[in-house]
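Derivation of every value follows stated rules applied to the coordinates shown; laboratory data play no part. Everything numeric here is computed off the predicted structure, so don't read it as measured data. Cβ coordinates were reconstructed from backbone atoms using ideal geometry, including for glycine residues, and neighbour counts include every protein chain displayed.
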Amino acid sequence: MRYKYVSESDAPQTDKKTQQLYDVFDNLNLDNIEIPNILDVGGSSTGHSLKLAKRLSSKTSQITLLDISADSLNAARPIYTAEKNITTTFEHGDFKSFFPNTQYDLTLCLGLLYCISEDHAFVSAINKMANALQAGGLLITRDGLTDVEHKIYMAFGGVIRNRNMYQRAFYDAGFELIDSREFTIETPIKRDIATCVWRKLPDNEK
C-alpha cells in the first residue's frame with residue numbers, strides 16, 4: 001500500500017522513507033519471540049505493520065491496528081484479514097484514549113509524535129508507549145529532527161523537534177536507542193528524517 005496522506009513537500013521522499021524503514025525491519029532480531037504481538041499506531045493507510053509481520057520468517061503474528069480514521073481501517077481490513085498467518089485486531093480511536101489489556105513485543109509509531117505540538121502531551125505519549133511494551137520490547141519511530149534548539153512548525157501541521165530534546169524524552173521513559181537511520185530533506189524546511197528503534201529497558205538494566 002502507498003501512503004494515503006502525504007504533504008506535497010514530502011511526496012517525493014515517500015519511497016526513500018519506506019526503504020529506510022524496511023532496512024530497519026531487516027535488521028531486527030525477534031528470533032526469541034514465538035508469536036510476535038505488534039501494535040501499529042495510526043498506520044492503517046501504510047501497511048507497514050503487515051510488511052513487518054510478513055518479514056518475520058514463517059512465524060504467526062498478532063497485530064493491533066489503531067487508527068483515528070475509520071475509512072483507513074475499513075480500507076485496510078480486507079488486506080490484513082487475507083493473511084492467514086496474521087491475526088489482526090482493528091481499533092478505531094486515538095492513542096490517548098486507547099488502553100490495551102496486554103503488552104506488546106513491538107510498537108510502530110510512524111506519524112503520531114510528529115503531530116503532537118505540546119511538549120507535555122508528547123512526553124505522555126512516549127511514556128504510554130513504554131507502558132504498553134513488554135520489558136525488552138521494541139518501539140520504532142519516525143520523525144523530523146533538527147539541531148535548532150526550538151521546535152519548528154510545518155505549514156501542514158507537523159512538528160520538527162530538537163534532536164537532543166527528542167531523544168531525552170525516550171531515555172527518561174526507560175528506552176535505549178539501538179538503531180537509527182537518517183536522511184535529510186532540504187525544502188521547504190531543512191530537517192532530518194530519523195527512523196529509530198528503541199528498546200524498553202528491563203528494570204534490572206535501568
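Ignoring the sites themselves, the chain has its longest run without chymotrypsin sites (Phe, Trp or Tyr not before Pro) in a DSSP loop having at most 13 other Cβ atoms within 10 Å at 6-155. Within 10 Å, at most 13 other Cβ atoms, and a DSSP state outside H, G, I, E, B define an exposed site. Report the longest part of the chain free of exposed GluC sites (Glu not before Pro). The reported range is 35-117. Think of the chain as a dipole: +1 on every Lys or Arg Cβ, -1 on every Asp or Glu Cβ, centred on the Cα centre; then among ILE38, THR187, ALA121, ILE38 lies furthest on the positive end.
Summarising the strand pairing of the chain, around 45 percent of its internal DSSP beta bridges are antiparallel. Between VAL123, VAL148, VAL24, the GNM of the chain built on Cα springs shorter than 10 angstrom shows VAL148 fluctuating the most. At an R0 of 41 angstrom, the distance between the Cβ atoms of GLU186 and SER69 translates into a FRET efficiency of 0.85. Roughly speaking, what is the centre-to-centre gap between segment 57-100 and segment 168-206 when only Cα atoms are used, to the nearest Å? Centre-to-centre distance over Cα atoms comes out at 24 Å. When the trypsin sites (Lys or Arg not before Pro) in segment 19-121 are filtered for DSSP coil states and for at most 13 other beta-carbon atoms within 10 Å of their beta-carbon, the remaining sites are LYS84. Working ranking of peptides 69-79, 129-139 by packing, defined as the average number of other Cβ atoms within 10 Å per residue, highest first, is 129-139, 69-79. Listed cross-link partners LYS51/LYS200; LYS96/LYS200; LYS54/LYS190; LYS59/LYS128; LYS54/LYS151 are compared with a 30 Å cut-off, the Cα-Cα value being larger for LYS54/LYS190; LYS54/LYS151. Of the residues TYR166, GLN62, ALA135, the one whose Cα sits farthest toward the positive end of the charge dipole of the chain, with +1 on the Cβ of Lys and Arg and -1 on the Cβ of Asp and Glu, is GLN62. Does segment 17-116 classify as rounded, prolate or oblate by the C-alpha gyration tensor (a ≥ b ≥ c root eigenvalues; a/c under 1.5 gives rounded; else a/b over b/c gives prolate, otherwise oblate)? Cα axes put segment 17-116 in the rounded bin. Amide H to amide H, with H built 1.01 Å from N, THR64 comes under 5 Å of ILE38, LEU39, ASP40, THR89, counting only residues 5 or more places away or on other chains.
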